[in-house]
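Worksheet: the structure to be examined is printed underneath.
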């Protein structure tokens, strides 16, 4: 299924990552290179070791908080930059703060590498912008028909109702979600009037980077500010924590609590059951199956290359639409927590069963 490289291709797959020959740069490379264009700061896309980095101006703060000391050049969305023989611009991907699609123009041809993206509205980042192109490089994290997201408003009404019910009974509400992107989206979208909000220590540095970028978040206190024995402080609280905190002794400080997990994988009943939480909220920072189709069609691309996720089903669907389609083998999504895939391996084993369930 992997595409054979052509000398005219603007992007090819190399052992270091996705390489643009006429521009002599890489997009989200996983091995050290001279020049890297980084779509966003999740660690499967942004790694230490490159000599020069280019990323969106909007994402500079969070990228530097994760990769301090790098040589970083930034570019405002939509502004062009000549790199080698190419003209490059970055465009909003709607995934997380600063996430970008990379538009490459050379000799009258346009390619777009999307990185990760979503189409749902998100108050913490710029909305996805369709970019017309000849060839579109897309993710397919949730590239199966079973993955369809509810409207964000409906989803967060459910989160608020769960939190409000727990608070009325003097019970803490612990919500597990990825600390970069998902946590900030949750904080910006819940009803902060229900009760106090606390965060795990892994979340607060990212909150700070978002606030410094101008994103409005409600007042949040680190859990570490509260004495371990003072459980009363959490009886009406929402506590946002990374998945790594689940099952740890850290949770004992909250006394009686209800827990929930926020992920696109919660669409699968089996995934929620295996996580062992009271509630599962279907919330993803990736496009669902209809969103992937809409985004791809909006580009007008006649050739589509799939990088990671449900690659084979997406390539098959694209070919059924009369498009030229194939795949690049990449290392994106290898860090399952980074890629919104906490529980991905568990979920994958249930897809076939639940896709055919009544």
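Every number in this text was worked out from the coordinates using simple rules, so none of it is lab data. Everything numeric in this text was worked out from a predicted model, so none of it was measured. No Cβ is skipped: glycine too gets one built from the backbone with ideal geometry, and neighbour counts run over all protein chains shown.
A few remarks follow.
- For the chain, the fraction of alpha-carbon pairs in successive 10 Å shells from zero, as %: 5, 25, 33, 23, 11, 3, 0
- Length gained on full extension, residue 331 to residue 107, computed as 0.36 nm times the residue gap minus the Cα-Cα distance: 77.7 nm.
- Based on every Cα atom in region 209-288, Rg and the maximum pairwise Cα distance Dmax equal 14.9, 43 Å.
- Applying 1/(1 + (r/R0)^6) with r as the Cβ-Cβ distance of residue 154 and residue 72 and R0 = 51 angstrom yields a FRET efficiency of 0.85.
- Reciprocal mean inverse distance between Cα atoms of region 57-185 - Kirkwood radius, Å: 17.3
- Protection-proxy order for peptides 49-61, 256-268, each taking the mean of Cβ atoms within 10 Å per residue, highest first: 256-268, 49-61
- Rg(Cα) / (2.2 N^0.38 Å) computed for region 152-281, rounded to two decimals: 0.98
- Convex hull volume per residue in cubic angstrom - Cα atoms of region 75-135: 74
- FRET efficiency for the residue 297 to residue 79 pair, using the beta carbon distance and R₀ = 30 Å, is estimated at 0.70.
- Neighbour counting of Cβ atoms within 10 Å sorts the residues 316, 279, fewest neighbours leading, into 316, 279.
- Given their separation in residues at 0.36 nm each and the Cα-Cα distance between them, residue 12 and residue 43 gain 9.0 nm when the chain is fully extended.
- Geometric descriptor of region 1-81, per residue, is 104 Å³ (volume of the convex hull of the Cα atoms).
- From least to most packed, judged by other beta carbons within 10 angstrom and beginning with the fewest, 81, 175 follow the order 81, 175.
- Helical contribution to [θ] at 222 nm, DSSP H n ≥ 4, -39,500 (n - 2.57), averaged over the chain, rounded to 500: -6500 deg cm²/dmol
- When each of the peptides 135-142, 240-247 is scored by how many other beta carbons lie within 10 Å of its residues on average, the order from highest to lowest is 135-142, 240-247.
- Modelled label positions at residue 169 and residue 34, each set 7 Å beyond Cα in the direction of Cβ, lie 6.3 nm from each other.
- Extension gain (nm, one decimal) between residue 312 and residue 324, 0.36 nm per residue minus Cα-Cα: 3.0 nm
- Hull shadow area, averaged, region 1-139 [alpha-carbon convex hull, nm²]: 8.0
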